[in-house]
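Each remark here refers to the structure printed beneath this line.
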């Protein structure tokens, strides 16, 4: 594995007057999660979907983000129409101790499910009809709308672990998919009281003017390179994490 240079300044030292806070940072284990970046390339300049998080949320309140969230048990049992590429499968299990063979598939399905829950969009295909069975919960809507998730359309572009000391920590994989993969839409999902209170299709320039989390700005740079390179399989997949108080960019 190649290691690139440190991207960001060293984090501040822990508060020596509160050693219990440092202990909590170590104890809070990041949860596996996934994010989906839907890209519209029908115009000269690509645009992608972002949502504004509710101001009352504990994690990244009021920030513009890509839809996503953590893995749920049903994500490991949902039927799919197509498989992830071998390149993505390999990268999704690297640097993951005792990774299960189904981890990559579950992460990809989590990204699709969370995107539906937060935006109302169904990513997949209607060519094969509805799935015969679905896990309880949000996946049942895919059956009602006749949509089968299609993992073949996904590209993995980055991985990032939330630094210690945050109220939530996630080990997040960032996937992309073309807007053409939107097979259906359920109205009424985005409201003033929902997790995402606003959706916007934005260009790179427009996105950089929004209130974004730091990691989202970093991933935007990587995404721009991936789009310019046509998502070629030889392009590096970066892994952002903190080591000994320093922010590191590794390559998977």
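What follows is calculated from the coordinates using simple rules that are stated; it is not laboratory data. Since we're looking at a predicted model, the values are computed, not measured. Please note: Cβ atoms are built from the backbone with ideal geometry, for glycine as well, and neighbour counts cover all protein chains shown.
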Dividing the helical contributions, -39500 (n - 2.57) per DSSP H run of n ≥ 4, by the residues of the chain yields a 222 nm value, nearest 500 deg cm²/dmol, of -7000 deg cm²/dmol
Most packed first (mean Cβ within 10 Å per residue), the peptides 162-170, 150-158 order as 150-158, 162-170
Between helix 103-119 and the chain, what is the angle of the helix's C-alpha long axis to the longest principal axis, kept within 0 to 90° and rounded to the nearest 10?
80 degrees
Let me make sure I get this right: for region 175-227, a, b and c are the square roots of the gyration tensor eigenvalues over alpha carbons, sorted descending. Under 1.5 in a/c it's rounded, otherwise prolate if a/b > b/c, else oblate. Which is it?
oblate
GNM, the chain, Cα, under 10 Å: largest mean-square fluctuation among 183, 99, 108?
99
I'd like the distance between the alpha-carbon centres of region 51-104 and region 172-221, rounded to an integer number of Å.
15 Å
Between rounded, prolate and oblate, where does region 61-166 land on the alpha carbon gyration tensor, with a ≥ b ≥ c its root eigenvalues, rounded for a/c under 1.5, else prolate if a/b exceeds b/c?
oblate
